[in-house]
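Q: Okay, here's the structure, questions in a sec.
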Amino acid sequence: MSDTIHDVTAATPSAAESPVARTIAAANAGRAGAFVGYLPVGFPSLDASVDAAVALVENGVDVLELGLPYSDPVMDGPVIQAATLASLQGGFRLADAFTAVERIRSRVDAPVLLMTYWNPVLQYGVDRFADDLASAGGAGLITPDLTVDSGADWLATSDRTGLDRVFLAAPTSTDERLRLAVENSRGFVYTVSTMGITGARADLDAAARTLVARLREQGGESLAVGIGISTADQIAEILGYADGAIVGSALVKALADGGVAAVGRLAAELAEGTHR
Amino acid sequence: MTDISHSLREEAGPFFGEFGGRFMPESLVAALDELAEAYQLAKLDPAFHEELAALGRTYTGRPSILTEVPRFARHAGGARVILKREDLNHTGSHKINNVLGQALIARRIGKSRLIAETGAGQHGVATATAAALFGMECVVYMGEVDTERQALNVARMRLLGAEVIPVKSGTRTLKDALNEAFRDWVANVENTHYLLGTVAGPHPFPVMVRDFVKIIGEEARQQMLDLTGALPDAVTACVGGGSNAIGIFHAFLDDTSVGLYGYEAAGLGADTDKHAATITKGRPGVLHGSRSYMLQDADGQTLDSHSISAGLDYPGVGPEHAWLASIGRANYRPITDEQAMQAFRLLCGTEGIIPAIESAHALAGTIELGRELGPDATILVSLSGRGDKDVETAGRYFDVLDEQGNAKI
Ligand SMILES: Cc1ncc(COP(=O)(O)O)c(C=O)c1O
């Protein structure tokens, strides 16, 4: 697919211009590293998802990752599938994501990334989506099914708008592809800890440590590890070698089981992992 | 028709015009690259082609025959109607052609476990069959709704040694079975090959699967010349993901005198919200790794599809079909459940052949088309599969079985 690879020589806004990268750098200066928290928009309701996201930040989350519910979430495990399906059945519309970002940003000062599969962005219009996200105060996109080599339109639009773009790096990625992810990501590189989909795991793979080292060799400076992380101990372990730790399913489960108060408590507990 | 000044038979992906590509998690890119490379090497290796051809001759039963159906044809405006009998293949459909090709590739790259999605169960049965033949482990994902309406095929897969996992996520049909198979593949890519069952999905699947099924049209083109002394005026096929259709169309793409007609499942009607007429009613988007037509709402959420035929009940379609539609080389038309069932019964009663309900969509389309083209026309039909698996559905539909599936006295 090299014929589709975007020309990466164009000026790419530097890390210093990315609020997400700055936040992660600051967390690494003051503490062990950054805590990135994921929750889907519209679960259990639009209002409650906004409250829950605010609670995450009030309890130690540095960067928010808001998931945009999608009918065919191939990278997600059962917990996130159930939550995003509930959101869709509750009537979630794309425009709700911008509303949620705006409301969260008016209440807390943490950068907010949207995590979205590509088709909703494509249908909304890549430029229009980016403009609406920027107006709402969003920081950028994490794109689980859009890689650098298939994302020429998003590379162009994110350069125009200055939005962050977080690409994924996997244990099976070649060095060449890791370099592409590092050079084209802005904010951080989403370092996939293990071969698999989202969901809490008891043991973290040694693969994450190896992958972070490989990304460093390619010049990676802002690296957050995600997938399978659910305890403060795991966060502490990851922040020993990476710049950020991403928690998703565990937070979603806490929200599903115990509501906003419970997800706030879990966030506070997990944030302990950033102090060691 | 557009002017075709270059061959349409040489598209090698990842893109077909603006369709196709690869929209997939990074975790799967290495496996897709490995597959694309292994396929390229196999394609250049005469030993691979010989092995595949030998399996075709001695296992599948290739070449499949042509059967002319004059009593059926009377209902199709008197046109000459000739069936390409993929229903006579081992395992009962065209799916085995793709499965044997991919299973050989999987073995070449050292994968010991095959996973597959299935709707009607025909692709699952074919994959389970190949796994048994090659001594591989096999897991088949099947929407829970489909395990109920195609219970016989679930039993067949289990007898063949496969594990069948009913998929309870999303809408519990074929599209969710694909999602679940991709999730399994992400986690087990080291020893597992995802044997995708149609010409959809990320590159290299659409080209690779097409190359494994295009033998249908290559045989049929020569057989038509031998039988009738000329090329047919039209070639018809049902279109789910599009594998049997591309399989029979491909050899004819450069024969501009031959009209190509794909029939999509219109369920209760293309103007209702219960259909699977993807090209007729959808618009371009990304689903399951490639850009093509799909059924979606304004937000890009995939819509539920509906068809009486599990194998056509899919809200997407392969990118090569989207391209052939966009350049006007092939026509795609809707056929309702009722039209398909009437054609199903007609073929049973006039010719003694019980078709798959999927294939009955092509037969219904042929009836319409024959009336349009008139008695001088010759139409070649892809009879993609046999109807054993559908006897219960049809029995209920025509009221010869009761709700429990028992014969009515
Ligand atoms: C007999 C038969 N025909 C057609 C199809 C539809 O698939 P495709 O459009 O890929 O040929 C199926 C799918 O299960 C099938 O079993």
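Q: DSSP loop (so not H, G, I, E, B), at most 11 other Cβ within 10 Å: list which GluC sites (Glu not before Pro) in the stretch A:141-233 pass both filters. Spell out each step's value before the answer.
A: Working: sites: A:Glu176, A:Glu183, A:Glu217, A:Glu221; in loops: A:Glu221.
Loop-located and lightly packed - none at all.
Q: List the residues of the stretch B:284-301 for which accessible area in the full set of protein chains is at least 30 Å² lower than for the chain on its own; 1.4 Å probe, protein heavy atoms only.
A: Correct list: B:Val286, B:Asp299, B:Gly300, B:Gln301.
Q: Send over a whole-number figure in Å² for the accessible area per residue of the stretch A:27-274, probe 1.4 Å.
A: Numbers: 7670 Å² over 248 residues.
Result: 31 Å² of accessible area for each residue.
Q: Can I ask one more? Counting other Cβ atoms within 10 Å of each Cβ, which trypsin sites (Lys or Arg not before Pro) in the stretch B:349-409 have at most 16 and sit in a DSSP loop?
A: Values: sites: B:Arg371, B:Arg386, B:Lys389, B:Arg396, B:Lys408; in loops: B:Lys408.
Counting only loop positions with at most 16 other Cβ atoms within 10 Å, the trypsin sites (Lys or Arg not before Pro) in the stretch B:349-409 are B:Lys408.
Q: As a test of the definition: with a 1.4 Å probe, what buried accessible area, both sides summed, do you compute for B against A, in Å² to the nearest 100? Before the final figure, lay out each step's value.
A: Numbers: alone 15230 and 10930 Å², together 23310 Å².
The contact between A and B buries close to 2900 Å².
Q: Could you work out the local net charge near B:Ala270, counting Lys and Arg as +1, Asp and Glu as -1, over the other residues with Cβ closer than 11 Å to its Cβ? Walk me through the intermediate numbers first.
A: Numbers: positive: B:Lys274, B:Lys281, B:Arg333; negative: B:Glu264, B:Asp271, B:Asp273.
Charge balance in the 11 Å sphere: 0.
Q: Using modelled backbone amide H atoms (1.01 Å from N, in-plane), which distant-in-sequence or interchain residues come within less than 5 Å of A:Gly140's amide H?
A: So A:Gly140 has HN proximity to A:Leu114, A:Asp164.
Q: Still on this structure: Of A:Val54, B:Gly170, A:Ile80, which is farthest on the positive side of the dipole of the protein assembly as shown, counting Cα position, with +1 on Lys and Arg Cβ, -1 on Asp and Glu Cβ, and the Cα centre as origin?
A: Going by the Cα projections, it comes out as B:Gly170.
Q: Among A:Val126, B:Asn188, B:Val258, flag the residue with its Cα farthest along the positive direction of the charge dipole of the protein assembly as shown, charges on Cβ as +1 for Lys/Arg and -1 for Asp/Glu.
A: Checking the options against the dipole of the protein assembly as shown, the answer is B:Val258.
Q: Give me the net charge for the shell around A:Asp175: Cβ to Cβ below 13 angstrom, other residues only, Lys and Arg +1, Asp and Glu -1. Could you put the intermediate results ahead of the total?
A: Working: positive: A:Arg177, A:Arg179, A:Arg214, A:Arg216; negative: A:Glu176, A:Glu183, A:Glu217.
Summing Lys and Arg as +1 and Asp and Glu as -1 gives +1.
Q: Okay, next question. Which of the peptides A:93-106, B:188-201, B:41-54 is most tightly packed, and how do the rest follow, judged by the mean count of other Cβ atoms within 10 Å per residue?
A: Working: A:93-106: 19.4, B:188-201: 24.8, B:41-54: 13.0.
My ranking of the peptides, most packed first, is B:188-201, A:93-106, B:41-54.
Q: When all alpha-carbon pairs of the stretch B:321-409 are counted, what percent fall beyond 19 Å?
A: Values: 1870 of 3916 pairs.
Roughly 48 percent, rounded to a whole number.
Q: Further question on the same structure: Using bins 20 angstrom wide from zero, how does P(r) for the protein assembly as shown break down, in % of all Cα pairs?
A: In order of increasing distance, the bins hold 19, 49, 26, 5, 0 percent.
Q: Using alpha carbons only, what's the Rg to Rh ratio of the stretch A:27-274 with Rh from Kirkwood? Write down the numbers at each step before the final one.
A: Values: Rg = 16.4 Å, Rh = 17.6 Å.
In the stretch A:27-274, Rg relative to Rh is 0.93.
Q: Something else: Return the long-range amide H neighbours of A:Asp145 (sequence gap of 5 or more, or a different chain), with a cut-off of under 5 Å between placed amide H atoms.
A: A:Trp118
Q: Per residue of A:97-103, what is the mean number of Cβ atoms on other protein chains within 10 angstrom of that residue's Cβ?
A: Average neighbour count from other chains, rounded to a whole number: 0.
Q: Can you give the translational diffusion coefficient of chain B in µm²/s, computed by Stokes-Einstein from the Kirkwood radius over Cα pairs at 25 °C and 0.890 mPa s? Provide the component values of the computation, followed by the final result.
A: Working: Rh = 20.8 Å.
This corresponds to a translational diffusion coefficient of 118 µm²/s.
Q: Highest first, please rank the peptides B:167-179, A:154-166 by the mean number of other Cβ atoms sitting within 10 Å of their residues.
A: Values: B:167-179: 23.9, A:154-166: 20.0.
Result, highest mean Cβ count within 10 Å first: B:167-179, A:154-166.
Q: Quick one: length gained pulling B:Ala53 to B:Leu133 fully straight, 0.36 nm per residue minus the C-alpha distance? The partial results should precede the final answer.
A: On the way: separation 80, 0.36 × 80 = 28.80 nm, distance 1.57 nm.
Fully extending the segment from B:Ala53 to B:Leu133 adds 27.2 nm.
The values are calculated or read from the model by the stated rules, or taken from the named source; none is laboratory data. Please read all numbers here as calculations on a predicted model, not as lab measurements. Glycine also receives a Cβ, built like all others from the backbone with ideal geometry; neighbour counts cover every protein chain displayed. For the accessible areas, the whole protein counts, side chains as well, though only heavy atoms, and no ligand, DNA or RNA atoms are used. Shrake-Rupley method; radii C 1.70, N 1.55, O 1.52, S 1.80 Å.
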